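What follows draws every value from the coordinates through simple rules; no lab data is involved. Just so you know, these numbers come straight off a predicted model, no measurement behind them. Counting neighbours? That spans all protein chains shown, and the Cβs are built from the backbone with ideal geometry, glycine included.
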Amino acid sequence: MDRLFGQPRLYFCLAIALLIFYIVFLFQNELKNPENGRHLNRYRGKGRQKNDEGERPIDSSISSVVERPSKPKPPPLARCTPSKRPDIKKVQRASNDSFDGITDPKVLVEIFRSFKLDTKLNGSPLKLREPEKDPWLQSNQRQAGVVDKLLKEKTKGFFIEAGALDGEFYSNTLALEVVRNWTGLLVEPDPNPYRALMHANRNAFTTSSCLAVSDSLEMRKFLSSQVMGWSALAGMTKHQDIQLNQEVTVSCFPLSVMLDAINQTRVDYFSLDIEGPELEILQSIPFDRIHFSVFTIETTGTSRQAVVDYMATQCFDVVAAGLTEDLVLMNRNDRIDLGYDPDWPF
């Protein structure tokens, strides 16, 4: 008789053992993963509490699994001093320039002020081709809006736009002039759009000279393109097929000379889009005596990282790089003065 009932009792005991093992397994699994089910309270005998983030376990060991670790706070921004600019004679030799021009700064300022600087600071009405168009939409990548936000809608600022074209098409500064009452310096060596620029009556200084990459006056060959915005200095253009309209000789002055001629030592916004030698122009600027707040710089290919690296030595951080080809850089000291967090707007 024991043999008849011994085997079923064995199976029964094994089944009970397996059931107990399964219950223990479920209990341990839900302790490790408290969000997998809603039956944890039944096993643990402890309730849940509500807070601003929703429902979570009271038990600290479970909370440590659920809660996301806090992001470490970045160190505060430290004030910065611009580095000494590189030897621009080396830059000149690297560009295969052999022109020995006038180098006396006072003479250069007088030449530029007397012969190459046009002034339109007379409050005359604008004469735009599309006066009904929203000026914020003129920037091809909305640079003006980005700068306006970075500088917290600053009024009566000063800009430089190198590659100003006709002062309207793809203008990065027109909105700041019209809406925020800014003025500035518009640089456009291409004779065709420059004539249109003069007709537009922008409330700014204008010049048909180009920016030099050295401390001297340079006479350069300039390639005027049939495509608006593709004109550039000969030998320094990034465009392989420039679709040449005409070749002209232009005078190029150092940016510091242009600013000295109009007694300007502070630039709130510099739009640099000259189709090639952007880095060489930046290396020619004396950042130790001229203060710049924001740059937008058109860069492509390998020159992009070189611009970022050099501008970092001059206390500029990249604050926006999502624009197609333009980098947006802001002076670190201005970020501190305007109260921005160390990680803003990254």
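Given a cut-off of 27 Å, name the pairs among LYS84/LYS156; LYS154/LYS221; LYS73/LYS152; LYS116/LYS154; LYS84/LYS106 whose C-alpha atoms lie farther apart than that in the structure shown.
Checking Cα-Cα distances, LYS84/LYS156; LYS154/LYS221; LYS116/LYS154 exceed 27 Å.
In nm, to one decimal, how far is the TYR11 label point from the LYS149 one, both placed 7 Å along Cα→Cβ?
About 7.3 nm separates the two model spin labels.
For ASN263 and ASN201, compute 0.36 nm times the residue count separating them, minus their Cα-Cα distance, and round to one decimal in nm.
The ASN263-ASN201 span can extend by a further 20.2 nm.
Report the extension gain between LYS221 and ASP337 in nm, rounded to one decimal, defined as 0.36 nm multiplied by the number of residues separating them, less their alpha carbon distance.
Roughly 37.5 nm would be gained on extension.
How much length, in nm to one decimal, is gained on full extension between GLU247 and THR313, taken as 0.36 nm per residue of separation minus their Cα-Cα distance?
Details: separation 66, 0.36 × 66 = 23.76 nm, distance 3.63 nm.
That works out to 20.1 nm of additional length.
Can you sort PHE316, PHE115, PHE205 so the residue with the fewest Cβ neighbours within 10 Å comes first? Before the final figure, lay out the partial values.
On the way: PHE316 29, PHE115 10, PHE205 21.
With the fewest neighbours first, PHE316, PHE115, PHE205 line up as PHE115, PHE205, PHE316.
Points 7 angstrom from Cα along the Cβ direction at ILE102 and VAL179: gap in nanometres?
It works out to 4.1 nm between the two label points.
By count of other Cβ within 10 Å, fewest leading, how are ASP309, ASP190 ordered?
ASP309, ASP190
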